[in-house]
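Remarks on the structure that follows.
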Amino acid sequence: MDQYRGDVLHSSEYRNGDPWKGRPVLVVGFGNSACEQALDLVERGAEVHVPLLDIGTMEQIKKGHIKVHGDLDRFTEDDVVFSNGSQVTLDAVVLATGYRASIEDFLVGWEAACDGSGTPTVSGAATALQGLHFCGMYVSPAGMLREIGIEATRIATHISH
């Protein structure tokens, strides 16, 4: 990335797609942030490349407004090169990746319910900490809202018994 001359920003820094109207932008990631930012970029007139979660994204892919690529291999001064050898000249890259839970910052005894990186080991069910349930902690390719609904119902059933 050091040699790439375009904009590279993490999705946490993204505000809106206005700066890239009419310009090509790659969004890296497949979660909520990536898809929402890709849709915002399309709606603001950018030429968008990647995300997968379907919150309207699939319709935009079918229309050809969002182009899907394989694994990112490397950056050049102006392009991104994919593992299949194809490359795209871009004005910006939004890295909608790298989010993680920060449970250790506020939950005493978090180690009982999380792995070493602070990610819950259970989502949608009781944890090792009595009375604690996590919901929506895993990215689901079927859609997070769907998964959260399933997990919330499971948790409510568990609590009611």
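If you take the beta carbon distance between Gln3 and Lys67 as r and set R0 to 25 Å, what does 1/(1 + (r/R0)^6) give as a FRET efficiency, to the nearest 0.05? Walk me through the numbers on the way to the answer.
Values: r = 23 Å, r/R0 = 0.92.
So the FRET efficiency works out to roughly 0.60.
Suppose only helical runs count, i.e. DSSP H with n ≥ 4. What mean residue ellipticity at 222 nm does that imply for the chain under -39500 (n - 2.57) per run, divided by all residues and rounded to the nearest 500 deg cm²/dmol?
Per the formula, -6500 deg cm²/dmol.
Subtract the Cα-Cα distance of Thr121 and Thr76 from 0.36 nm times their separation in residues, and report this length gain in nm to one decimal.
12.3 nm
Cα axis of helix 32-43 to longest principal axis of the chain: angle in degrees, 0 to 90, nearest 10?
Approximately 30 degrees, to the nearest 10.
State the extension gain, in nm to one decimal, for the chain segment bounded by Ile150 and Arg44, taking 0.36 nm per residue of separation less the distance between their alpha-carbons.
So the chain would gain 34.8 nm between Ile150 and Arg44.
Since every read-out is calculated from the coordinates, none of them should be taken as a lab result. Everything numeric in this text was worked out from a predicted model, so none of it was measured. Cβ atoms come from the backbone with ideal geometry, glycine included; neighbour counts cover every protein chain shown.
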